[in-house]
C-alpha cells in the first residue's frame, strides 16, 4: 500500500518535479496536466496546492531564492580585499549552481521566454557580483586610479562565469573535461583581473 | 547623544557589500563601541544575524522602518 504523503511532502515533491520539467521545456512548454501526469496524481490535487501554473512556477523560483547562497561566511573568512572576496563568493556560487544544473536550464529558458519578472529574478542572482565589481571600480576611480567601466566589466565577468557553468554543467564540453569547474572559474578570474588592470 | 559611535550608510548596496563594509568599519572601532548600519537590502537581516554569530560581535538591535533596515552592532570587549 502506498503511504499517503503529508501536505508538506506532497508540496516538495510537486516543486521538485515541476522544476525539472520547467528546466527542460520552459514555462510555456509545460502544462499542468503534464506535471500532474509525471507526479501520478490528478490535476485537481495539483490545483489544491497551487492555484495556477503561474503560481507553481513562482513557487519553484521562490524555492530557489530561499536557498540563496550565503556569502557572509566568505566575507568573514576573507581579508576583505576585492580579489579575495570575488574569488570566494564565485566559488560558493559555482558550487551551488553546479550541484543543481536545473537552475541553469531554467535561467536559459527564462532568457528565451522574456518574462520581465523572471528576468529580474535571475538578474538578481548576479547582483552580488555585478554590484561588488561596479562598487570596487567606482571607488578605485574616485581615488584617482584608472577609470574602468564597471557596468561593462561586470558583464564581462558574468558572461565568462556563466559560460563556464554552461560548458561544464549543461553542455559537458569535452574541451574542458580535464578541468574542474572551480579551476576553470579561478583561471577565468585571473584573466578578468588582468583585463581590468591595476584597478583589480 | 547618539547611542552609536560610527554610522555606516549601506543603502542601495546588496550582499555582500554591506557585510564587507561593516567588517571594515568594525575594524576601526575600539572594544565595546557600537556601529550602526543602515541598509535597504531585505537580505541584510539574515546576513547581519549570521555575520554577528560568526564574528562574535553583538547584534544589539535589528529594526525595520519604511524600507530601511537598521542594525546596531557592538564590538566585543
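Restricting to DSSP H runs of at least four residues, report the calculated mean residue ellipticity at 222 nm for chain A, -39500 (n - 2.57) per run over all residues, nearest 500 deg cm²/dmol.
Computed mean residue ellipticity for chain A: -23000 deg cm²/dmol.
Any idea what angle helix A:82-98 forms with the longest principal axis of chain A, computed on alpha-carbon atoms, 0 to 90 degrees, nearest 10?
Roughly 20 degrees between the two axes.
Normalising by the residue count of segment A:7-64, find the relative contact order in percent from Cα pairs under 8 Å and 6+ residues apart.
For segment A:7-64, the relative contact order is 40 percent.
Take peptide B:17-24, look around each residue's Cβ out to 10 angstrom, count Cβ atoms belonging to other protein chains, and average those counts.
Mean inter-chain Cβ contacts per residue within 10 Å come to 6.
Would you mind checking the tilt of helix A:116-142 against the longest principal axis of the Cα atoms of chain A, expressed as 0 to 90 degrees and rounded to 10?
The angle comes out near 10 degrees.
Count the DSSP beta bridges whose two residues both fall in the protein assembly as shown, then state the antiparallel fraction as a percent rounded to the nearest 5.
70 percent
Please compute one quarter of the surface area of the Cα convex hull for chain B and express it in square nanometres.
Result: 4.7 nm².
Determine the shielding of peptide A:72-79 by partner chains: average, over its residues, the number of Cβ atoms on other chains within 10 angstrom of each Cβ. Please report the intermediate quantities before stating the final value.
Details: counts 16, 4, 3, 13, 9, 1, 3, 1.
Mean number of neighbouring Cβ atoms from other chains: 6.
How big is the protein assembly as shown by the Kirkwood estimate over distinct Cα pairs, in Å?
After inverting the mean inverse Cα-Cα distance, the result is 21.1 Å.
Distance from the Cα centre of segment B:51-72 to that of segment A:122-200, in angstrom?
30 Å
Rounding to the nearest 10 and keeping the result within 0 to 90°, find how far the Cα-based axis of helix B:44-55 lies from the longest principal axis of chain B.
30 degrees
Take A:27, A:57 and order them by how many other Cβ atoms sit within 10 Å, fewest up front. Display every interim value, and only then the final one.
Details: A:27 19, A:57 22.
With the fewest neighbours first, A:27, A:57 line up as A:27, A:57.
Sort A:168-177, B:48-57, B:64-73 by packing, meaning the average of other beta carbons within 10 Å per residue, with the highest value first.
Values: A:168-177: 12.9, B:48-57: 17.1, B:64-73: 14.7.
My ranking of the peptides, most packed first, is B:48-57, B:64-73, A:168-177.
Take A:22, A:122, A:93 and order them by how many other Cβ atoms sit within 10 Å, fewest up front. Write down the numbers at each step before the final one.
Numbers: A:22 24, A:122 17, A:93 20.
The fewest-first ordering by Cβ neighbours comes to A:122, A:93, A:22.
Taking the Cβ of each residue in A:75, A:41 as the centre, tally the other Cβ atoms inside 10 Å and list the residues starting with the fewest.
By the 10 Å Cβ count, ascending, the order reads A:41, A:75.
Read-outs: derived from the displayed coordinates by stated rules, not from any lab. Because the structure is a prediction, the values reported are computed rather than measured. Heads up, the Cβs are rebuilt from the backbone with ideal geometry, glycines too, and the neighbour counts pull from every protein chain shown.
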